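The values are calculated or read from the model by the stated rules, or taken from the named source; none is laboratory data. Just so you know, these numbers come straight off a predicted model, no measurement behind them. When we count neighbours, we look across all protein chains shown, and the Cβ atoms used for this are built from the backbone with ideal geometry, even at glycine. Just the protein is used for accessible areas: all its heavy atoms, side chains included, with ligands, DNA and RNA removed. Shrake-Rupley method; radii C 1.70, N 1.55, O 1.52, S 1.80 Å.
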Amino acid sequence: MLKKGVIKGIAIAAFCLSVFPMIVTVFGSFMSDREMMGGAHILPLDFTLRQYETVLLQTPQYLLWFWNSVEIACLTVALAVVISLMAGYAFSKFRFPARDALFFVYIVVMLMPFQATLVPQYIMLKSLNLLNTKASVILPGACSAFGAFMMAQYMKGIGDDIMEAAKLDGMNAFSIFIWIIIPLSKPAISALVILLFIESWAMIEQPMTFISDITLHPLSLHLGDSSSALYAGGVVFLILPLLIYLFGHDDLIDEIGYISIK
């Protein structure tokens, strides 16, 4: 009985912390300014699209910041997936000096918070004259230690006998990577794209630290700029990550389960 009560409590807490704020945001986006100031109810009594009009038609900065978010997230994910695939292939299918030690370093870096590497990244980007550019956010995000770890763990499950058979057919390591490893890794790639996109889409500290030009900022830094369209801005911000998740959530769930078993 006690266990059931604990499970119910956890379920209610999870709903309140994750689902309920999203419900409030969606319904709040249809509220009028008067209702937003009152804040005494969730359902809009005076249904209006005024907030969306403000965000999409009367505030061109929102569209600029939205496009910046799309550009930063897409380029970061594209580069990160390519680098992660190559790193995962090397760690899982080849033996080279200090391979295990280097993989351990990847794990340590993956566990380190962004704040621990903030100053070294800032110094490195400044020396490369990349500060106050989108590249200052894209390039560090593209070198994803988590992506390399995830792909290496998945590729270890691909039998070496497949590679041996391909070598007997005359394929080299690069051909095996392109025509065998990548097609077999599609579920893991799909899951990685979702996770990296959401992480890149919602980043705040990196652009806030490395980009001072407001015209280069992503939307995540300016969701609360307009109090009259606060909820609508949040809904607009949610749409693209939600669509990407719905498109590949099966692969994400399968991959999480696969890695957990491994």
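In the condition set (1) within 28 Å of Ser220 (Cβ to Cβ); (2) surrounded by 16 or more Cβ atoms within 10 Å (Cβ to Cβ); (3) at pLDDT 90 or above; (4) small (Gly, Ala, Ser), Ala145 is compliant with all but (3).
Would you be able to tell me the number of residues in region 141-182 that are under 22 Å from the mean Cα position of the chain (by Cα) and in a helix (DSSP H, G or I)? Walk me through it before giving the result.
The first filter runs over region 141-182 and keeps only residues under 22 Å from the mean Cα position of the chain (by Cα), leaving 141-155, 182.
After this cut, where a residue has to be in a helix (DSSP H, G or I) as well, the list is 141-142, 145-155, 182.
Counting residues in region 141-182 that are under 22 Å from the mean Cα position of the chain (by Cα) and in a helix (DSSP H, G or I) gives 14.
Taken over region 98-137, the criterion of being of a type in the set (D, E, K, R) and touching a residue at least 12 places away in the same chain (Cβ under 8 Å) is satisfied by Lys134 alone. Note on region 211-230: residues that are at pLDDT 90 or above, outside any loop (DSSP other than H, G, I, E, B) and open to solvent by 50 Å² or more (accessible area, probe 1.4 Å) amount to 2.
Filter region 51-73 down to residues that are assigned to a helix (DSSP H, G or I) and without any contact (Cβ under 8 Å) to a residue 60 or more places away in the chain, then give me how many there are.
So the count comes out to 4.
Number of residues in region 199-210 that are open to solvent by less than 10 Å² (accessible area, probe 1.4 Å) and more than 13 Å from the chain's Cα centre (by Cα) equals 2.
The set of residues from region 115-127 being loosely packed, with under 13 Cβ neighbours inside 10 Å and modelled with pLDDT under 90 comprises Gln115, Ala116, Val119, Pro120. For the condition under 24 Å from Arg95 (Cα atoms) and either out of contact with any Phe, Trp or Tyr (no Cβ under 8 Å at 6 or more places or on another chain) or without any contact (Cβ under 8 Å) to a residue 40 or more places away in the chain (or both), Phe197 does not qualify. Among the residues of region 148-161, those that are open to solvent by less than 80 Å² (accessible area, probe 1.4 Å) and in contact (Cβ under 8 Å) with a residue 24 or more places away in the chain comprise Ala148, Phe149, Met150, Met151, Ala152, Gln153, Tyr154, Met155, Gly157, Ile158. Screening Ala90 with (1) in a helix (DSSP H, G or I); (2) modelled with pLDDT under 90 gives one miss only, at (2).
Is it the case that region 190-198 has a residue that's polar (S, T, N, Q), touching an Asp or Glu at 6+ places or on another chain (Cβ under 6 Å), closer than 27 Å to Leu246 by Cβ and open to solvent by less than 70 Å² (accessible area, probe 1.4 Å)? Lay out the reasoning, then the answer.
Start the filter on region 190-198 by keeping residues that are polar (S, T, N, Q), which leaves 190.
Still in the list and also touching an Asp or Glu at 6+ places or on another chain (Cβ under 6 Å): 190.
Keeping just the survivors that are closer than 27 Å to Leu246 by Cβ gives 190.
From what is left, the residues that are open to solvent by less than 70 Å² (accessible area, probe 1.4 Å) are 190.
Taking every residue of region 190-198 in turn, at least one turns out to be polar (S, T, N, Q), touching an Asp or Glu at 6+ places or on another chain (Cβ under 6 Å), closer than 27 Å to Leu246 by Cβ and open to solvent by less than 70 Å² (accessible area, probe 1.4 Å).
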